[in-house]
Structures are given as C-alpha cells and as structure tokens.
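Remarks on the structure that follows.
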C-alpha cells in the first residue's frame, strides 16, 4: 500500500515530469551560484562598511536607509540568479 506522499509524488511526476540536466548545465548552474554568492558577499561587505561608518555619526535614518538598500539589492540579485537558473532549466526541458 502506497503512502499519501508516494501517491502525490506520482501525480506530480505525471503532471510535470522532472527534467534531466546535462553535466554542462549542472556546471553552469554551479557557476551561477558561485558568481552570485560572490556578488552578494561583495555588496554586503561594502554596504556593511558604509553602515558602520554612518552609524558612528549617529544618523539612524541614513543607517536604516542603507539597511533597506541592502535588503533590496540582495533580493534583486537573488531574483536575477533564479531567473538565469530558470533559463538554463528551461533549455533542458526542450
């Protein structure tokens, strides 16, 4: 007797079969992850340094604005990464 999970997974695989990625595509995805991890880390370091400098001046509004900028930039870079990864996955399904 199959569990509910197994039945759900069977229905899912029938509705949207998993795509097989080639080694080259897997490598491209790994390179994208690495590239964007470096971009995110670089921006984080730069903005955190700037936040620390501004924090010493006591300008809490500017600190908050920089923190919000960091959140927006991180989300933007992550969305860009996912979009590029989806393009690679889309090519694998065709």
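Would you check if residue 91 is at pLDDT 95 or above, assigned to a helix (DSSP H, G or I), in contact with a helix residue (DSSP H, G or I) (Cβ under 9 Å, 6 or more places away or on another chain) and closer than 22 Å to residue 31 by Cα?
Working: at pLDDT 95 or above: no; assigned to a helix (DSSP H, G or I): yes; in contact with a helix residue (DSSP H, G or I) (Cβ under 9 Å, 6 or more places away or on another chain): yes; closer than 22 Å to residue 31 by Cα: yes.
So residue 91 does not fit the description; no.
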Would you check if residue 69 is in a helix (DSSP H, G or I) and either free of Cβ contacts under 8 Å to residues at least 40 places away in the same chain or surrounded by fewer than 11 Cβ atoms within 10 Å (Cβ to Cβ) (or both)?
-> yes
Got a sec? Which of 62, 2, 39 is farther than 28 Å from residue 77 by Cα and in contact with a helix residue (DSSP H, G or I) (Cβ under 9 Å, 6 or more places away or on another chain)?
-> 2
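Let's see how each residue does on (1) closer than 24 Å to residue 84 by Cα; (2) in a helix (DSSP H, G or I):
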| position | (1), (2) |
| --- | --- |
| 1 | no, no |
| 11 | no, yes |
| 24 | yes, yes |
| 31 | yes, yes |
| 38 | yes, yes |
| 43 | yes, yes |
| 51 | no, yes |
| 54 | no, yes |
| 64 | no, yes |
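The values are calculated or read from the model by the stated rules, or taken from the named source; none is laboratory data. Just so you know, these numbers come straight off a predicted model, no measurement behind them. Every residue, glycine among them, receives a Cβ derived from its backbone with ideal geometry; neighbour counts consider all protein chains shown.
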